[in-house]
Amino acid sequence: MHFMNESLLVDPYPLYAQWRATQPIWWAQDVQGWVVSRYDDVRRILKDPVGFSSLSMGDMREQAMALPLLSDDPPRHTQLRAIVNKAFTSRTLKSMEAAIAVLAEQRLEALDPSEAIDISAQFTTPLPVEIISRLMDIPLDRKSDFKRWSDALTGTGEADALQERLPDIMDMAGFFQSLIPARREQPGDDLLSRIVNTEVDGHRLCDQDIVGFAILLLIAGNETTTNLLGNLLHYLVDHADTWRQLRRQPAAIDAAIEEILRYDAPVQWVNRRATCDTKIQGQTVKAGDTVFAIIGSANRDEHHYEQAETFRLDRPNRTDHLSFGLGIHFCIGAPLGRLEARFAVAGLLRRFSSLRRAKHKRNERTHSN
C-alpha cells in the first residue's frame, strides 16, 4: 500500500478518516515508513524526542542543508533553542507589531475590489514574504529570489531532482552567508542581527547555524503563514455565513485562525525515526524505523474532538491542535504566524462585505465585494 497518491494530494481527509477507523498505523511501501494517524499516537510521537528522533526530519540532509532545530535532537537542540529563544522574545515580537500592521495595510490597499483577485499571488503569498523580509532587514528587491529559493528547498517548484535544485539552494546559503559580517560589525534591531549576535553562556551561533536559521525563518516564516491564510480563505469563500459572523464579531478572528489550523493544517505531517523498539496500537515499531506522524489526521480525530469534521468558532480547548508541533519542537514562529494572520484577516473583513469564487480558475481566484 502506498502513502503518496493522487487522492492524498487532492483531498486527504477522507483517507485520514479511513486510516483512523481501520488502520491507525500501517506500513507504507513507497516511503518505507509507518503511517500514524490518531491524535493520541501522533501527540506521543511529537512529545517524545528521545524515543522518536528528529535527525530523520524531512530530506534536508539529503539536500545538503540540514536546518537547525528541525533536524536536531538534545543536547544540540537545547543549546540552539536557548540562543534563538533569547533573540526571539515576546518583547521582540511586540516591537514588530507596528511594522506588520503597516505592511498588511499596504498590501490590502493594493487589492482592487472591482476586479477578480488572485488572492494567492496578490495577497497570501507576498504578504508573509514582505513581513519576514522587513523583520530580517533583507531588501525586498530579492523577493523573486525568495520564492525561487523556497521552491528549490522544499521541492515544490518545477525541478524535482536534487541535482537541479542544488544550485538555487547553494545560492540561498551564499546570500545569507554574505550578510553575516555586516550584522556582526554594525548590528541593527532586525531579527537576523539578533540571531547573529545573541549569546547564551558565552556561546554564539556559528556561521553555518546562522545561515540555517536564516533559511528556516525565510522558508517557514512565509510558507506556513501563506498556507494558513490560503486555507482559511478557501474555507470562508464557501461559507458566507461564517464570513458575515466574523465581520459582526471581529473578536472571533483568533478563534477562526486556531480552528483553521486544526481543521486544515498548514503542514500535514512530519517524520521521525524510532530510536528503540516500541509499540503503537499493538504494532511493533523497530528501532531505526521511520514514522510519519500525520498531523492533519490527528487534528480531525473524532476520538479527541467533538464534531471533528466541522469548522467551529466556539470549539473548546481550541489551541490543543498539533499544527505547530509539540514539546521541544513547538514552532518558535507560532506567535508571529498568528499575529500576521490576525492583521491580514481583520483587514480583509473590514474591506470586503463578501467573497465569491471567480468562475475561471476555481481554486485560485476570489472575487470580493
Practice item. May I ask you to list pairs of residues, at least six apart or on different chains, whose Cβ atoms are under 6 Å apart, with the first in the range 278-302 being under 16 Å from Ala28 (Cα atoms) and among the charged types (D, E, K, R) and the second being open to solvent by less than 10 Å² (accessible area, probe 1.4 Å) and part of a strand (DSSP E or B)? Key: Asp289/Ala274
Check your understanding: Within the group Asp30, Asp48, Asp11, which residue is at pLDDT 95 or above and open to solvent by 10 Å² or more (accessible area, probe 1.4 Å)?
Key -> Asp48
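Okay, residues lined up against (1) at pLDDT 90 or above; (2) over 20 Å from Glu97 (Cβ atoms):
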| residue | (1), (2) |
| --- | --- |
| Phe123 | yes, no |
| Ile131 | no, no |
| Asp141 | no, yes |
| Ser150 | no, yes |
| Leu153 | no, yes |
| Gly157 | no, yes |
| Glu164 | no, yes |
| Leu179 | yes, yes |
Exercise for review: For Arg142, state whether it is open to solvent by 20 Å² or more (accessible area, probe 1.4 Å), more than 22 Å from the chain's Cα centre (by Cα), of a type outside the set (Val, Ile, Thr) and on the phi < 0 side of the Ramachandran plot.
Suggested key: no
Check your understanding: Looking only at the range 237-252, which residues are under 23 Å from Pro335 (Cβ atoms) and either touching an Asp or Glu at 6+ places or on another chain (Cβ under 6 Å) or touching a residue at least 24 places away in the same chain (Cβ under 8 Å) (or both)?
Key -> Leu246, Pro250, Ala252
Practice item. Please work out if Ala358 is surrounded by fewer than 20 Cβ atoms within 10 Å (Cβ to Cβ), at pLDDT 95 or above and either farther than 12 Å from Ala255 by Cβ or not polar (S, T, N, Q) (or both). Key: no
Check your understanding: Can you tell me which residue in the range 101-117 is farthest from Leu229 (Cα to Cα), limited to those that are at pLDDT 90 or above and outside any helix (DSSP H, G or I)?
Key -> Ala110
Check your understanding: What strands (runs of 3 or more DSSP E) lie completely within the range 259-345 and have 3 or more residues being of a type in the set (Val, Ile, Thr) and within 25 Å of Ala220 (Cβ to Cβ)?
Key -> 290-294
Exercise for review: Mind counting the residues in the range 283-302 that are closer than 15 Å to Ala21 by Cα and open to solvent by 10 Å² or more (accessible area, probe 1.4 Å)?
Suggested key: 2
Review point. When Lys86 is evaluated against the numbered criteria (1) more than 16 Å from Gly230 (Cβ to Cβ); (2) under 22 Å from the mean Cα position of the chain (by Cα); (3) in contact (Cβ under 8 Å) with a residue 60 or more places away in the chain; (4) open to solvent by less than 70 Å² (accessible area, probe 1.4 Å), which criterion, by number, is the only one it fails?
Key: (4)
Check your understanding: Which of the residues belonging to the range 319-340 are over 19 Å from Ala256 (Cβ atoms) and either touching a strand residue (DSSP E or B) at 6+ places or on another chain (Cβ under 7 Å) or surrounded by fewer than 16 Cβ atoms within 10 Å (Cβ to Cβ) (or both)?
Key -> Gly327, Phe330
Review point. Within the range 214-234, which residues are in contact with a Pro (Cβ under 6 Å, 6 or more places away or on another chain) and either in contact (Cβ under 8 Å) with a residue 60 or more places away in the chain or over 22 Å from Val270 (Cα atoms) (or both)?
Key: Asn222, Thr224, Thr225, Thr226, Leu228
Study note, to complete from the structure: Over the range 180-209, the set of residues outside any helix (DSSP H, G or I), open to solvent by less than 60 Å² (accessible area, probe 1.4 Å) and in contact (Cβ under 8 Å) with a residue 60 or more places away in the chain is Thr198, Val200, Leu205
Practice item. Being out of contact with any helix residue (DSSP H, G or I) (no Cβ under 7 Å at 6 or more places or on another chain) and assigned to a helix (DSSP H, G or I) is the filter; apply it to the range 123-153 and report the residue that is farthest from Ala220 (Cα to Cα). Key: Asp141
**Study point:** Counted residues, the range 236-258 - those being open to solvent by less than 30 Å² (accessible area, probe 1.4 Å), part of a helix (DSSP H, G or I) and not charged (D, E, K, R)
**Key:** 9
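The values are calculated or read from the model by the stated rules, or taken from the named source; none is laboratory data. This is a predicted model, so every value here is computed, not measured. Glycine gets a Cβ as well: all are built from the backbone with ideal geometry, and neighbour counts include every protein chain shown. Protein only, heavy atoms only, side chains kept; ligands, DNA and RNA dropped before computing areas. Shrake-Rupley method; radii C 1.70, N 1.55, O 1.52, S 1.80 Å.
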